[in-house]
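Every read-out reported here was derived from the displayed coordinates using simple, explicitly stated rules and does not represent laboratory data. None of these values were measured; they are calculated from a predicted model. All Cβ positions, glycine included, derive from the backbone under ideal geometry; neighbour counts span all protein chains shown.
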Amino acid sequence: MTTARHPTRLSRGALAAALFAVALGAGGVAAAEAPTLPGVPELARVSLAEPGRVDRVTLAAGPWSGGEVPRITAEGRVAREVITFPAGSESSSAIAARLRDALAAEGWQLRFECADAACGGFDFRFALDVVPEPQMHVDLADFHYLLAERPRPDGSRELIALLVSRGAGQAFVQVTRVDTSPDTLEAPDEPLRLSTKSGDPLAPIGDAGAQAATAATTAATAEPAGLDATLAARGAVVLEGVQFAPGSATLGPEADEVLRPIAEWLMAHPAAHLVLVGHTDASGSLAGNIAISRKRAEAVRKRLIERFGIAPERLSAEGVGWLAPRADNATPEGRAANRRVEAVLR
């Protein structure tokens, strides 16, 4: 078992906290059914539920090391949900400890846990299958992961993985459950259910829901008027208009108009640091795509430094290849949308 104390979390300020709270209360996630995870407070609510699909899943079982995360593979009925609740002054590790103790009281046995930097930080987080914003939020400086199992009388087992983080006073817990009991493989799959703005609790998502999710992602761009609110609510912004040809990291002159609001925002927030994260489509190997995505992020970083005079120490660049798609890689339009750079508030 690996454990670590989390480093001091970097504050985003009172404005970010207030904007984030408004986004959650007014337009983000409607009240839904009570979570089944033991140890969560009464105010906890489910923002996303993916119940009852038969699948094979891999779960992290060790920290990032040697360019990869050790994993275990299990086949069974997989259910996933995201739970949010007020975090108060608790760190992610403190919240995870409370949940771990509650699981232990119900017969769960801890297999692995780690906190932020001890997990592998950026590399570990982007090796996980994480529900996208706004349902799930991960602060790279304050997150905790744990994996536990519980044996069943028939010799099978249940697995549970928790990813815990915080954002502007809210706790976010992504729960992945796997039941490997043979009888669970016979029941039909159930639909994805997502809480909505309208208050319809956990409404099934179809094509309209997918279109709405795509529209929400597209809206999270670097428009000057919404940049403060977007960074406060999501902690990240997609640099729409910064486009790359397949296999290329060349940044054209048209990118200046997209990057100008980012530069102006950085000038207005002298203590802020942004991590530029490159993404690719699914063509080619993971290693090759991580390399090209990092080059794309470096190209954006270089442009912000050389053209707009941003201090180099305020920008860093990373690449995650095709690990975090936002669109279907089966279509040319989807692949183009996935070739992007995002600015993540550190």
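Among M136, M267, rank each residue by its count of other Cβ atoms within 10 Å, from fewest to most, as a rough exposure measure. Before the final figure, lay out each step's value.
Working: M136 20, M267 12.
With the fewest neighbours first, M136, M267 line up as M267, M136.
What residues have an amide H closer than 5 Å to that of A236, excluding those fewer than 5 places away on the same chain, when H is modeled at 1.01 Å from N in the peptide plane?
For A236, the qualifying residues are L345.
Going by the alpha-carbon gyration tensor, a ≥ b ≥ c the square roots of its eigenvalues, is the stretch 59-118 rounded (a/c under 1.5) or, if a/c is not under 1.5, prolate (a/b greater than b/c) versus oblate? It would help to have the intermediate numbers written out before the result.
Details: a/c = 1.75, a/b = 1.25, b/c = 1.40.
Since a/c reaches 1.5 but b/c is at least a/b, the shape of the stretch 59-118 is classed as oblate.
Any chance you could run the full-extension gain for E75 through D328? It's 0.36 nm times the residue separation minus the Cα-Cα distance, nm to one decimal. Intermediate values should be presented prior to the final figure.
Values: separation 253, 0.36 × 253 = 91.08 nm, distance 2.46 nm.
Residue separation times 0.36 nm, minus the Cα-Cα distance, leaves 88.6 nm.
For the stretch 339-346, in order, what is each residue's ³J(HN,Hα) by Karplus, 6.51 cos²θ - 1.76 cosθ + 1.60 with θ = phi - 60°, in whole Hz (x at glycine and Pro)?
7, 8, 10, 10, 9, 10, 6, 8
Quick query: amide H of I310 versus all other amide H atoms, modeled in the peptide plane; which residues come in under 5 Å with a sequence gap of 5 or more or a different chain?
Placed amide hydrogens put I305 under 5 Å from I310.
Semi-axes, largest first, in whole Å: what does sqrt of 5 times each Cα gyration tensor eigenvalue give for the stretch 215-345? Could the numbers behind the result be given before it?
Values: eigenvalues 106, 52, 32 Å².
Those come to 23, 16, 13 Å.
Need one word for the stretch 250-307: rounded, prolate or oblate. Basis is the Cα gyration tensor (sqrt eigenvalues a ≥ b ≥ c); a/c below 1.5 gives rounded, then a/b vs b/c decides.
Numbers: a/c = 2.93, a/b = 1.90, b/c = 1.54.
Prolate, since a/c reaches 1.5 and a/b exceeds b/c.
Let me check I've understood the local charge: for G88, count other residues with C-beta under 13 angstrom from its C-beta, Lys and Arg +1, Asp and Glu -1. What total comes out?
Working: positive: R98, R166; negative: E90.
After counting each charged neighbour, the total is +1.
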